[in-house]
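Working notes for the structure below.
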Amino acid sequence: MTRNKQEAFTLMEIMIAMVVLGILATLAIPGVMRMREKIRVNQTKAVMASLETAINDYREDIGHFPTQQEGGLEALVVRPRGPAAQKWDGPYLKGKTELPQDAWGNDYELNLGAAIKNKAKHKYYEIISYGPAGPEDEKDIMFTGE
């Protein structure tokens, strides 16, 4: 009589494979997380570059950067309040009807000259993303233009 012999992994072989997979995961996950964060920063910088273009287009039409009284960055996609409404030729963010958020779901902030240290009023601006931790953290992403 012949006996059918089934081949299978032993418990020891399965445990060794799981330990090896665990070690590989421990090594790989931090690298993947760093890469994801780098991608988010790059996405945010790309959006900031398009905001820069939109702000400069707005300035060409209106004669100044969008002020808080005109709605700030919102004036790039929605007709501003006040006298600027007559010259407005937007939306300045092509194909957008609302402002984008940064890669972490936060709104961008626009500061004009007087709010920036040692800068002439309305000659310079800053676009700020507070990054993953929000305003409490000092790892902000800033873009300064003139």
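The values are calculated or read from the model by the stated rules, or taken from the named source; none is laboratory data. Owing to the predicted nature of the structure, the values given are computational and were not obtained by experimental measurement. Cβ: placed from backbone, ideal geometry, glycine included. Neighbour counts: every protein chain shown.
Listed values, structure above:
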| quantity | calculated |
| --- | --- |
| Looking only at region 40-66, and only at residues there that are more than 19 Å from residue 97 (Cα to Cα) and of a type in the set (S, T, N, Q), the one that is surrounded by the fewest Cβ atoms within 10 Å (Cβ to Cβ) | 42 |
| Positions within region 68-87 being among the hydrophobic types (A, V, I, L, M, F, W, C) and in contact with a Lys or Arg (Cβ under 9 Å, 6 or more places away or on another chain), in sequence order | 75, 76, 77, 85 |
| Unique match (being in contact (Cβ under 8 Å) with a residue 40 or more places away in the chain and either farther than 24 Å from residue 142 by Cα or within 27 Å of the chain's Cα centre (by Cα) (or both)) among 49, 25, 85, 17 | 49 |
| Given (1) surrounded by 15 or more Cβ atoms within 10 Å (Cβ to Cβ); (2) modelled with pLDDT of 70 or more; (3) among the basic types (Lys, Arg), number of the condition residue 87 does not satisfy | (1) |
| Residue within region 16-37 that is surrounded by 11 or more Cβ atoms within 10 Å (Cβ to Cβ), in contact with a helix residue (DSSP H, G or I) (Cβ under 9 Å, 6 or more places away or on another chain) and among the acidic types (Asp, Glu) present | no |
| Test: residue in region 72-92 that is farther than 28 Å from residue 108 by Cα and part of a loop (DSSP other than H, G, I, E, B) | no |
| Residue selected from region 1-15 under the condition at pLDDT below 85 and not aromatic (Phe, Trp, Tyr), by the criterion surrounded by the fewest Cβ atoms within 10 Å (Cβ to Cβ) | 1 |
| Region 75-84, residues that are closer than 21 Å to residue 126 by Cβ and either among the hydrophobic types (A, V, I, L, M, F, W, C) or surrounded by fewer than 17 Cβ atoms within 10 Å (Cβ to Cβ) (or both) | 75, 76, 77, 84 |
